[in-house]
Amino acid sequence: MKIAIGCDPNAVNAKQSMITYLKGKDYSDITDFGSDDVIYSHVATKVGEAVASGEFDVGILICGTGLGMSIAANKVKGAYAALLTDAYSAKRARLSNNANIACFGAFTTGEKVREELIDTFLTNKFVQGCSSQPKIDAYVLYDMNR
């Protein structure tokens with residue numbers, strides 16, 4: 001699995017912890033899209049474009065709250081970013097919403113919780129033809145018309 005990751009300057013430590021954690025779980029194909037740009041939307045857009053293009057399977061974005069990153073990434077056609085705060089939502093983000101980018105708050109979610117949430121996110125996958133398919137088709141169609 002190819003993973004794109006990025007953050008703003010507020011979340012450098014959280015991003016490094018996440019990379020270390022993922023490598024320990026045998027996710028070795030991780031590309032860091034940076035953390036120096038104080039305009040978090042620049043990093044979110046780069047990760048969103050990389051995932052939406054299919055170059056990467058999933059993305060991870062981290063800022064202070066995760067809100068700005070998720071809003072910015074969702075502006076990219078084909079990027080479906082979800083702010084993850086609990087295990088049920090992390091699972092449903094993939095199963096029901098076909099999310100391809102996980103967003104986290106470095107100031108709002110602890111390291112161990114982020115690890116649990118990314119595990120849940122990465123080990124679930126949208127099933128084509130499931131009961132959520134018409135909902136996914138609707139927003140993909142909307143994306144095509146933007």
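The values are calculated or read from the model by the stated rules, or taken from the named source; none is laboratory data. The model shown is predicted, which means the values in this text are computed figures rather than measured ones. Positions of Cβ are generated from backbone atoms using ideal geometry, with glycine treated the same way; all protein chains shown enter the neighbour counts.
Apart from one condition, residue 44 fits all of (1) modelled with pLDDT of 95 or more; (2) assigned to a loop (DSSP other than H, G, I, E, B); the exception is (2).
Of the residues 17, 53, the single one that is touching an Asp or Glu at 6+ places or on another chain (Cβ under 6 Å) and small (Gly, Ala, Ser) is 17.
For the range 47-75, which positions are surrounded by 23 or more Cβ atoms within 10 Å (Cβ to Cβ) and either touching a Pro at 6+ places or on another chain (Cβ under 7 Å) or assigned to a strand (DSSP E or B) (or both)? Residues satisfying the conditions are 59, 60, 61, 62, 63.
Could you go through the range 20-31 and let me know if any residue there is touching a residue at least 12 places away in the same chain (Cβ under 8 Å), surrounded by fewer than 16 Cβ atoms within 10 Å (Cβ to Cβ) and either among the aliphatic types (A, V, I, L, M) or part of a helix (DSSP H, G or I) (or both). Within the range 20-31, none of the residues are touching a residue at least 12 places away in the same chain (Cβ under 8 Å), surrounded by fewer than 16 Cβ atoms within 10 Å (Cβ to Cβ) and either among the aliphatic types (A, V, I, L, M) or part of a helix (DSSP H, G or I) (or both). Looking across the range 102-115 at every residue that is of a type outside the set (Gly, Ala, Ser) and assigned to a strand (DSSP E or B), the one that is nearest to the chain's Cα centre (by Cα) is identified as 103. Residue 59 satisfies every condition listed in (1) without any contact (Cβ under 8 Å) to a residue 24 or more places away in the chain; (2) within 16 Å of residue 125 (Cβ to Cβ) except (1).
Among the candidates 90, 99, 79, the residue that is among the aliphatic types (A, V, I, L, M), within 14 Å of the chain's Cα centre (by Cα) and assigned to a helix (DSSP H, G or I) is uniquely 90.
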